[in-house]
Amino acid sequence: EAVVSTQSTGDEVEKALSGGPQLETLVDGFNITLSRKDIQTLKDMTWLNDEVINFYFNLLMDRSKKCAPTIHIFNTFFYPRLLKVGHQGLARWTRRVDLFAMDLIMIPIHLGMHWCLAVIDVRAKSITYYDSLLGDNHQCTNALRDYISAEHLAKKKSPLDIQNWKLKIEKDIPEQLNGCDCGVFTCKYAEYISQDKPFDFDQGDMPYFRRRMIWEMVNKTLL
């Protein structure tokens, strides 16, 4: 935790939060522009917005190009689009990527007022749903099962042996104890899974994680 506790780093975080106009651009990357207003969603007790979630997930994917496991991410607009139009309406999303060459596919799931995470583990043949409020969402895991089956048929020209895949709603995970940290939990689930690390955090770590994420995004570097 020392990295975000140093004076210079702390100053950088404070400047990002309160150092100028709301709409000032603080960082560009991954075809996403983050303004101070976006970064301010990382203040304590604030809901994260789509831009922050998408930027952070792109940092995870970018890091995976340098170290295993390999990751593909879909942005926050993927899941509502999947429910609305199905695989056929998402064909262009994977024109340049072979999902089956990846280890992990990570999808942030926005349920109106709540963020969750879905992970397709190609290695383990599993689709797992992570909800920091420990809710169920079989609609999501079923939709992703149908999606990955259709993608295999479209790209590999053969059926996926989906009977051997496991669909899981994970319950043995760090739990959210307030009404506003779901986005941070979602990002940290993804960050740990992206390194095959067991979860070792809890609600008490959220204020630190928020400040750390501000620094990481402004610097486009994961600590």
Residue in segment 194-204 that is in contact (Cβ under 8 Å) with a residue 12 or more places away in the chain, surrounded by 15 or more Cβ atoms within 10 Å (Cβ to Cβ) and under 30 Å from residue 88 (Cα atoms) present
yes
Would it be correct to say that residue 42 is on the phi < 0 side of the Ramachandran plot, surrounded by fewer than 17 Cβ atoms within 10 Å (Cβ to Cβ), of a type outside the set (Phe, Trp, Tyr) and at pLDDT 95 or above?
no
Which of the residues spanning segment 84-106 are in contact with a Ser or Thr (Cβ under 8 Å, 6 or more places away or on another chain) and open to solvent by less than 60 Å² (accessible area, probe 1.4 Å)?
102, 103, 104, 106
Cross-chain or 6+ apart pairs with Cβ under 7 Å, segment 57-84 first and more than 17 Å from residue 197 (Cβ to Cβ), then of a type in the set (D, E, K, R) and surrounded by fewer than 20 Cβ atoms within 10 Å (Cβ to Cβ):
76/50
Output yes when any residue across segment 131-153 is free of Cβ contacts under 8 Å to residues at least 60 places away in the same chain, open to solvent by less than 10 Å² (accessible area, probe 1.4 Å), of a type in the set (A, V, I, L, M, F, W, C) and closer than 16 Å to residue 60 by Cβ, and no when none is.
no
Any residue at all in segment 203-213 that's within 17 Å of the chain's Cα centre (by Cα), assigned to a helix (DSSP H, G or I) and of a type in the set (A, V, I, L, M)?
yes
Conditions (1) open to solvent by less than 80 Å² (accessible area, probe 1.4 Å); (2) closer than 28 Å to residue 30 by Cα; (3) touching an Asp or Glu at 6+ places or on another chain (Cβ under 6 Å); number of the one not met by residue 185:
(3)
Mind listing just one residue for me: the one in segment 154-182 that is of a type in the set (S, T, N, Q) and under 21 Å from residue 111 (Cβ atoms) and, of those, surrounded by the fewest Cβ atoms within 10 Å (Cβ to Cβ)?
178
Inside segment 58-83, the number of residues satisfying the requirement of being in contact with a Ser or Thr (Cβ under 8 Å, 6 or more places away or on another chain), crowded, with 18+ Cβ neighbours inside 10 Å and within 15 Å of residue 101 (Cβ to Cβ) is 2
If we take segment 105-196, then strands (runs of 3 or more DSSP E) inside it with 2 or more residues that are over 12 Å from the mean Cα position of the chain (by Cα), at pLDDT 95 or above and charged (D, E, K, R) are 166-170
Kindly list the number of the only condition in (1) open to solvent by less than 50 Å² (accessible area, probe 1.4 Å); (2) closer than 27 Å to residue 206 by Cβ that fails for residue 111.
(1)
Can you name the condition, by its number, that residue 18 falls short on among (1) open to solvent by 30 Å² or more (accessible area, probe 1.4 Å); (2) in contact (Cβ under 8 Å) with a residue 60 or more places away in the chain; (3) among the small types (Gly, Ala, Ser)?
(2)
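The values are calculated or read from the model by the stated rules, or taken from the named source; none is laboratory data. If you're wondering where the values come from, they're calculated on a predicted model, not measured in any experiment. Positions of Cβ are generated from backbone atoms using ideal geometry, with glycine treated the same way; all protein chains shown enter the neighbour counts. Surface accessibility is based on the protein's heavy atoms, side chains included, excluding ligands, DNA and RNA. Shrake-Rupley method; radii C 1.70, N 1.55, O 1.52, S 1.80 Å.
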